[in-house]
Amino acid sequence: MRIDENTYRPIREWNESDRPREKLCNLGRAHLSEAELLAIIIGSGTRRESAVELARRLLHSVNNNLVELGKLNVSELQRIPGIGPAKAICITAALELGRRRQEAAPLMRRKVTSSSDLYELFGPRLSDLRHEEFWVVALNQANKVLESRRIGSGGISSTVADIRMILKFGLETGATSLAVLHNHPSGNLNPSEQDIRLTRSISEAARLIEIRLIDHLIVSESGYHSFADSGQLT
């Protein structure tokens, strides 16, 4: 995007009603565009473009998709001209706060009665990762979440889940049931043969210590696959 130096005006020279910070204070956050909100986080533009214009260019680089923006790390953000280390860190921190808020709000219920509940509670932390992670969730007799823990973290196409660690976690938390989740960065929600064998092994081993495996979710940015819903739990 080429900036015309003859038409560029810094934000401080804009009408007060058009400045992002003043607009947020006077009208509320819902009245700001994504570029204006991002401009507040960025703080300042460059000698040739305002913070809003820089924010628009950054959003344009990810096809105006906030999910894709959230996947960029600090180094990748700095490849955008005008985004230095400080701006990249602020953007990353703000997006991470948004992600954690998304996770925290549903956790107020902390009860799992369906695969969609499980996905709503834990899907956001897995859906846009670039590597695979394997999580286990401990639940009590009322299906309320006791605790969750990452058991394994791997590469792009696989991760290792130790069944002994899963069972140990269940016993330590006093769980009466467990749910497990892992993500497919490729976006493919179809379970692999390894996924199917692992699910069967976890279910059988947990049953021996009187803990029930209620579901295994495969998560991606496009949704999830539930072993329980598809009748794949033994």
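Just so you know, all these numbers are worked out from the coordinates, no wet-lab data involved. Source: prediction; values computed, not measured. Virtual Cβ from ideal backbone geometry, glycine too; neighbours counted across all protein chains shown.
Overview of values
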item: Environment charge at S115 (Cβ cut-off 10 Å; Lys +1, Arg +1, Asp -1, Glu -1); result: -4
item: Ranked packing of 197-206, 64-73, most packed first, by mean Cβ within 10 Å; result: 197-206, 64-73
item: Virtual spin-label span in nm between Q141 and D229, 7 Å along Cα→Cβ; result: 3.0 nm
item: Estimated FRET transfer efficiency (V74, E210; beta-carbon r; R0 41 Å; 0.05); result: 0.35
item: Within straight-line cross-link reach of K111, aspartates and glutamates at Cα separation under 18 Å, skipping those fewer than 8 residues along the same chain; result: E103, E120, E147, D215, D229
item: Neighbour-count order for E147, E210, fewest beta carbons within 10 angstrom listed first; result: E210, E147
item: Residue-wise HN-Hα coupling along the stretch 193-199, computed from phi with Karplus coefficients 6.51, -1.76, 1.60 (Hz; x: Gly, Pro); result: 4, 5, 4, 5, 5, 5, 4
item: For L213, residues with placed amide H under 5 Å, excluding near neighbours; result: L178
item: Per-pair calculated FRET efficiency, R0 = 35 Å: R101 and N26 via Cβ, rounded to 0.05; result: 0.90
item: 20 Å Cα-Cα reach of K71 towards lysines, excluding residues that sit fewer than 8 places from it in its own chain; result: K87
item: Label-to-label distance, nm, for residues given as N15 and I89 (7 Å Cα→Cβ offset); result: 3.8 nm
item: Segment V62-L189, length gained on full extension (0.36 nm per residue, minus Cα span); result: 43.4 nm
item: DSSP-defined antiparallel bridges as percent of all bridges, the chain, nearest 5; result: 70 percent
item: Ranking of F169, F122 by count of other Cβ atoms within 10 Å, fewest first; result: F169, F122
